[in-house]
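The values are calculated or read from the model by the stated rules, or taken from the named source; none is laboratory data. Quick caveat, the model's predicted, so the values are computed rather than measured. With ideal geometry, Cβ positions are generated from the backbone for all residues, glycine too; neighbour counts draw on all protein chains shown. Side chains are part of the model used for accessible areas, which takes the heavy atoms of the whole protein and leaves out ligands, DNA and RNA. Shrake-Rupley method; radii C 1.70, N 1.55, O 1.52, S 1.80 Å.
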Amino acid sequence: MLSCVCWLQTFLALLASVLLTLGQNCPFNCLCPDPHTVDCSGKGLTRLPDSIPLDVRRLLLSDNWIQRIPADFLVLYSDLVYLDLRNNSLSHIEPGTLSTSSRLVFLDLGSNNLTEIPKGTFGESRSLIKLRLGNNPHLSMVNEDAFLGLTSLRELELERNALSGLEVGALSQLPSLRLVRLEGNPWVCNCNFASLFAWLMENLHKLPNGVDGLECSLPMDGQRVPLNQLSQDSFRECQGTLTLTDLLIIIFSGISVSVVAIIASFFLASTVHCFQRWSKGNKTEEEESE
């Protein structure tokens, strides 16, 4: 009986020690349901919490007022695989901030105040599989090389932003891309949009609903047009590539212009020469008459 009591006391002491340790490692006012998860969602934070465990793998920071991520934030958190910063006040992400995390798989930056995604923002986070950038009402520019190096990225969300155009290179550089969301953006149906439209037509299987629900506005009057009512012929005037016939016409025109120029030069030189000889002959006759 005594041995059972001693065993129970030892077990309770160890349990209390573990709970105390977890409590000390968990940031103030946050929840830590397991040793590798920190949940600080909806805590009114204006900056990243202190005392985050170094071995954290899931960090939930959604529904706060966080305005920036320190450039060296992920240097210490190399085990982090899941980072949720949805619905905060982030206005920009410093290039290279996220590249130091080699294990990050999921990143949610949706519903923030981002205005652009410049080159090098994500470095070469080759483990990143899902990236959420939707619902940033001021996000109007995505650099063509913004996602360069994200070779494992399968899902990219860019819906309901302020994008009027997007370079195709930003998408074509993602070899593992399986799903992309682009609905709810104020796309403009100009020549810059022509290449993106062609990419969308070739990759309908990567869009959740195809082009249904996607619209663009006409440059002249701003009228909204559903993309499912457009075709490649709608952008015929924007085609900048030359066919073989076009090249032959250009070459033939160039040769013709050159030949005409040579003939005209020869004719002009001959005329000048004849005029000079005629003038010289007249002068000689006048001198002989005198």
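Some notes on this structure:
- Test: residue in segment 163-181 that is closer than 24 Å to residue 108 by Cβ and β-branched (Val, Ile, Thr): yes
- Qualifying position, being open to solvent by less than 10 Å² (accessible area, probe 1.4 Å), in contact with a Phe, Trp or Tyr (Cβ under 8 Å, 6 or more places away or on another chain) and hydrophobic (A, V, I, L, M, F, W, C), among 131, 109, 80: 131
- Some residue of segment 245-252 being modelled with pLDDT under 95 and open to solvent by less than 70 Å² (accessible area, probe 1.4 Å): yes
- Residue that is farthest from residue 220 (Cα to Cα) [pool: residues in segment 174-194 that are open to solvent by 60 Å² or more (accessible area, probe 1.4 Å) and either without any contact (Cβ under 8 Å) to a residue 24 or more places away in the chain or of a type outside the set (D, E, K, R) (or both)]: 175
- Hits in segment 204-233 - residues which are touching a strand residue (DSSP E or B) at 6+ places or on another chain (Cβ under 9 Å) and either surrounded by 16 or more Cβ atoms within 10 Å (Cβ to Cβ) or acidic (Asp, Glu) (or both): 206, 207, 211, 212, 214, 215, 216, 217, 227, 230
- Selection status of residue 197, in contact with a Cys (Cβ under 9 Å, 6 or more places away or on another chain) and open to solvent by less than 40 Å² (accessible area, probe 1.4 Å): yes
- Test result for residue 59, at pLDDT 90 or above, closer than 17 Å to residue 121 by Cα, touching a strand residue (DSSP E or B) at 6+ places or on another chain (Cβ under 7 Å) and assigned to a strand (DSSP E or B): no
- Of 74, 45, 31, all but one fail to be modelled with pLDDT of 95 or more and either under 21 Å from residue 112 (Cβ atoms) or open to solvent by less than 80 Å² (accessible area, probe 1.4 Å) (or both); the exception is 45.
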